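Here the structure is laid out as structure tokens; the discussion comes afterwards.
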Amino acid sequence: MKSNITELICPKCEATGSKEIQKRICIHEHMDFKQDIMSGAFFEWECPGCSERFFIKNPFLYNDSENRFMVYYIPDFEERSHKIPSLIKTKSEYDTDSSTLRIAADYVTFVEKIRILESGLDDRIVETVKLLYSKLTQQETNNLVYSMVFEGGGVNDDLRFAVFLKDNDFEAVIPYTLYEKTRDDFSHLFTDETAEQFIVVDQQWVLDMLS
């Protein structure tokens, strides 16, 4: 696990303090951090002056070597891909050649990607399911789906999503058989992923591939 001590200034009371900012983690070597990473506590800093808690937005690389994926949390990232850092490529514990490489520009997406990939699902197919469900919901109810977030499920289990409309939100349960059918119908249309890069895979990525 790579970290550095960073000096911080409270935006509320302007007190100064420091926090050990983690840059990357091989999660199976540090499973004691898993719960805090998924809850967000891992990224929080408590001001020593006013005790206000703040979420620290710094790039962070999550490596799951057992499930062969990495999620690179880069806050507010606006591009569609990011070249693999040379430092990572030289480290044996970061097997970029055989891992799924993803970027998350916000914390919710970061956690969602981890949940999808550690569940054994293909996030490209999950994003396709979300796209189709959103379009069908809009056609049938005239409600625009602002967001869908994967919450759980996996191979042979129903997929659960939080669905957010303008004035409402609810949980949608999608059968695994529908995920399988979507995979059978669409996966052959997706081109091979670009080597040597972390990429953003979302509903826009699906639209770009299908076009």
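The values are calculated or read from the model by the stated rules, or taken from the named source; none is laboratory data. This one's a predicted model, so the numbers in the text were calculated from it and none came from an experiment. Cβ coordinates were reconstructed from backbone atoms using ideal geometry, including for glycine residues, and neighbour counts include every protein chain displayed.
Total residues in segment 93-119 satisfying the condition of being part of a loop (DSSP other than H, G, I, E, B) and either surrounded by 15 or more Cβ atoms within 10 Å (Cβ to Cβ) or not assigned by TED's automatic domain parsing to the domain that holds residue 74 (or both): the figure is 5.
Here segment 12-36 is the region considered, the condition is being surrounded by 15 or more Cβ atoms within 10 Å (Cβ to Cβ) and in contact with a Phe, Trp or Tyr (Cβ under 7 Å, 6 or more places away or on another chain), and the residue that is farthest from residue 103 (Cα to Cα) is 19.
Taking the listed residues 84, 74, the one that is under 25 Å from residue 44 (Cα atoms), surrounded by 15 or more Cβ atoms within 10 Å (Cβ to Cβ), out of contact with any helix residue (DSSP H, G or I) (no Cβ under 7 Å at 6 or more places or on another chain) and not hydroxyl-bearing (Ser, Thr, Tyr) is 74, with no other qualifying. Report whether or not residue 178 is at pLDDT 95 or above, in contact with a helix residue (DSSP H, G or I) (Cβ under 8 Å, 6 or more places away or on another chain) and not assigned by TED's automatic domain parsing to the domain that holds residue 108. Yes, satisfied.
Results for (1) of a type in the set (Val, Ile, Thr); (2) within 26 Å of residue 172 (Cβ to Cβ), shown as yes or no for each residue.
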position	(1), (2)
59	no, no
68	no, no
75	no, no
94	no, no
100	yes, yes
105	no, yes
125	yes, yes
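Identify, please: which residue in segment 121-151 is surrounded by fewer than 13 Cβ atoms within 10 Å (Cβ to Cβ) and within 22 Å of residue 201 (Cα to Cα) and is, among those, nearest to the chain's Cα centre (by Cα)? Write out each step before concluding.
The first filter runs over segment 121-151 and keeps only residues surrounded by fewer than 13 Cβ atoms within 10 Å (Cβ to Cβ), leaving 135-136, 139-142, 144, 146.
Those still in the list that are within 22 Å of residue 201 (Cα to Cα) too: 135-136, 144, 146.
Details: 135: 22, 136: 24, 144: 23, 146: 17 Å.
Here the residue is 146.
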